[in-house]
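Chemist: Mind looking over this structure? Questions follow.
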Amino acid sequence: MSRPPRPPASTGQPTTSAVAPGTLPRAAAGLLAAVGVLALMLWYGGATRRESLPGLADSGPVTGWALPIARLGMQVGAVVTIGLLIAALLFSARAAGGGLSGTGYRRVRAAAWSALGWCLASVAALCLTLSDILGMPIGEAVSFTTVVNFATTVQLGQALALSGWLAGAVFLVCRAALTPRTAGIALLLAVLAMVPPIFTGHAAAASNHQLAVSGLLLHVVPVAVWAGGLLALALTGRAATDQLTIAVRRFSPLAAACLLLVAGSGVVSAYVRLPGLGALLDTRYGQLVLLKTALLGTLAAAGWWQRRAALPALAGGDRSRFVRVATVEILLFAAAMGTAVALSRTPAPVPAGPEESIAAALLGYPIPAAPDAGRLLGDWLPEPIVIAAALGAAWLYLGAVTRLRRRAERWPAARTATFLAGCVVLVLATSSGLARYAPLLFSAHLIQHLLLTLVVPLLMVLAAPLTLALRALPATTDPSWPGVRDRLRSAGSSRFWLLLTRPPVAALLLASAAPLLYLTGLYDLTLRSHAAHLVMIGYLVAAGGLFCWVVLGLDPVPRPAGRPARLLGVLLLVLTQVVLGLGLAGSSTLLAGDWFTALARPWGEPPLVDQQTAGQILWSLGNLPPLVILGLLHLRRRGPDPSVGSPVSGPEAAVPEQAAEPSGWH
């Protein structure tokens, strides 16, 4: 098979190299620093001084040292791969026609080889973890049969194997990538490949594993994106300083967001693993936490200095200061990564306590008292990922409104209040006492389900966030550097969105969520797996948002549908909820029966009666939001909201506001 032709280089970016001079020595120094810090912290934390119990085999020093190095290799491979793909997508000028430039193409190809190294490190970690668990030297523990069994039957092995498979998929996609869209798919796969081991580490075994796992997920992924973006800046090649200045300016908001997430999630992780503030100084684990905190704080200071001093110098044509600060940041990140891997091998100072009950082991917390209004509102079970997403969405929305006000443009206060209300309801549905009681009561879970599928999306869609974004975001003056606004507008022409934005398709995606969840084994899976629970939350909000967006048409839609198609979508949703609700109300079969039997909660109605109550809620109260949507569709017949104005700014602002049947993005 012949090899596909390489895209031409874009203007302003020479084709000689995708790597800046001196980058390889800096990268090698960073890798050596990471390995050196890892070895020192492993020794200091006591991970290499494990004593063998009499009569039990020991995995030996090879596994003891090689396993952390393999895990470090996984992290380095993830950071390098993500960094190169970020460089190709965000920090490389586009070729004519919007395709990958020559430099972007070579960065994607380089990401393929780093992903292959990541895959091999995952395989090594899989074999070494098997040796560590069995307490046998790697030569005795590893065989084809044992590795396959470990990778297919044990959760930790499955996670490492899945991470390796996804890294291998990134390699294949990068080898075939010729467009930014394909490179974006590779970047998404790379981020996903980091996730599986998080759900099987020490955090997953913690008593409050939901908080621990979500906090770690919010910590590891932003660190990789932050470090990868920094590496991407170091790989900006021999581009002119004006090109490098654009890349640095684009990286600054991303780095700031990652810094906030890392800081917040670090506090959550320390709270979960340490019994008190005294453990920060009295234990080796706490001291390593302080060291990692100091390294990340120094990184934040270096980033601030980069923006304050190096960026103005770079804009003036002097890149030497930027290179020096970037080198320091790379070394600090390497030390922080080595410390993080050492922390994962250092025992946390968990105090001895009473034996955990079966219910507490399943839930991650003891069974609370019988629910009442005060406990449903006040007995919180925070979900850090959703809280961070809600705060981020509110911050972006308020920032866009502020930008319009600075230009003396109007935006209805009611829409701002509606969007913020949607963010508040999202947090309440996933982090309040309702979330604590949802695994115990099917009725509480169903109320949470309805809030996520219809109430939260309806409130957010009524705020017209896409219209606000198109008006507030600045227009791009250089077509070789497309911005967020350009990407939003170009997404409207994709066949994928044209298919999803048909009202019957959007209604089917939302209406099928409940039957697939409750009539298959997925409901039981979401109760036992926090990863599945997070996927469920994301899907319900996304499907509900897509449905409300397409049916209401307050924001521009790629291909607007007529009123009959919208009414058909609403009726399909109502019919599905009525049928499923009546089925649950009259059912004599308990869903997830093993789960509720193992919990054996001492209060409330029997699980089957509670399930029947939930069915009554679904077919009655569950159809109130669709009725609201029907009422809004009737009001929309009178025309658009004249207070919103044009969805774009600049020369296109003279285009009349979309009619009652919106004309789409273009």
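Chemist: Per the Kirkwood treatment, what hydrodynamic radius in Å, one decimal, follows for segment 410-555 from the mean inverse distance over all distinct Cα pairs?
Modeler: On the way: mean 1/r = 0.0592 Å⁻¹.
Across segment 410-555, the inverse of the average 1/r is 16.9 Å.
Chemist: How far apart, in nm, are two points set 7 Å out from the Cα along the Cα-to-Cβ line at Leu260 and at Arg181?
Modeler: My value for the distance between the label points is 3.2 nm.
Chemist: Still on this structure, please answer the following. Each residue of segment 412-419 in turn: what ³J(HN,Hα) in whole Hz from Karplus with 6.51, -1.76, 1.60 and θ = phi - 60°, glycine and Pro shown as x?
Modeler: x, 5, 4, 5, 4, 5, 5, 5
Chemist: Full extension from Ala414 to Ala373: what is 0.36 nm times the residue separation minus their Cα-Cα distance, to one decimal in nm? Provide the component values of the computation, followed by the final result.
Modeler: Working: separation 41, 0.36 × 41 = 14.76 nm, distance 2.85 nm.
Answer, rounded to one decimal: 11.9 nm.
Chemist: Moving to a separate point now. May I ask you to compute the full-extension gain from Leu290 to Val628, defined as 0.36 nm times their residue separation minus their alpha-carbon distance, rounded to one decimal in nm?
Modeler: On the way: separation 338, 0.36 × 338 = 121.68 nm, distance 5.20 nm.
Taking Leu290 through Val628 to full extension adds about 116.5 nm, to one decimal.
Chemist: Output wanted: per-residue J couplings in Hz (rounded whole) for segment 453-462, from phi through Karplus 6.51 cos²θ - 1.76 cosθ + 1.60, θ = phi - 60°, x for Gly and Pro.
Modeler: 7, 10, 5, 4, x, 4, 4, 6, 5, 4
Chemist: Place the peptides 143-153, 212-222, 415-425 in order of packing, highest mean first, counting for every residue the other Cβ atoms within 10 Å and averaging per peptide.
Modeler: 212-222, 415-425, 143-153
Chemist: So, how do all the Cα-to-Cα distances of segment 327-467 break down into 5 Å bins, in percent, from 0 on up?
Modeler: Result returned by the calculation: 2, 8, 12, 13, 12, 11, 11, 11, 11, 6, 2, 1, 0.
Chemist: Label Leu488 and Ala313 with points 7 Å out from Cα along Cα→Cβ: what is the distance between them in nm?
Modeler: Label-label distance for Leu488 and Ala313, simple model: 3.7 nm.
Chemist: Using a ≥ b ≥ c from the Cα gyration tensor of segment 486-579 (square roots of the eigenvalues), is it rounded, prolate or oblate, where a/c under 1.5 gives rounded and otherwise the larger of a/b and b/c decides, a/b for prolate?
Modeler: oblate
Chemist: May I ask you to derive the FRET efficiency for Val609 and Ala360 from their Cβ-Cβ distance with R0 = 30 Å, giving the value to the nearest 0.05?
Modeler: Here the calculated transfer efficiency is 0.80.
Chemist: Now for a different question. Could you order peptides 310-316, 576-582 by the average number of other Cβ atoms within 10 Å of their residues, highest first?
Modeler: 576-582, 310-316
Chemist: I need the calculated FRET efficiency for the pair Arg407 and Ser252, taking r as the beta carbon distance and R₀ as 25 Å, to the nearest 0.05.
Modeler: After rounding, the FRET efficiency stands at 0.65.
Chemist: Can you give the alpha-carbon Rg of segment 98-167 over 2.2 N^0.38 Å, where N counts its residues?
Modeler: 1.46
Chemist: What list of ³J(HN,Hα) couplings, whole Hz, do you get for segment 524-529 from phi and the Karplus terms 6.51, -1.76, 1.60, once you set θ to phi - 60° and write x for glycine and proline?
Modeler: 4, 5, 5, 6, 9, 10
Chemist: Please give the contour-minus-distance gain from Leu571 to Gln158: 0.36 nm per residue of separation, less the Cα-Cα distance, rounded to one decimal in nm.
Modeler: 144.5 nm
Chemist: So what is the accessible area of segment 343-474 per residue, in Å², with the probe set to 1.4 Å?
Modeler: Using a 1.4 Å probe on heavy atoms only, each residue of segment 343-474 averages 43 Å².
The values are calculated or read from the model by the stated rules, or taken from the named source; none is laboratory data. Values in this document were obtained by computation on a predicted structure and should not be read as measured data. We place every Cβ from the backbone using ideal geometry, glycine too, and count neighbours over all the protein chains shown. For accessibility, only protein heavy atoms count, side chains too; no ligands or nucleic acids. Shrake-Rupley method; radii C 1.70, N 1.55, O 1.52, S 1.80 Å.
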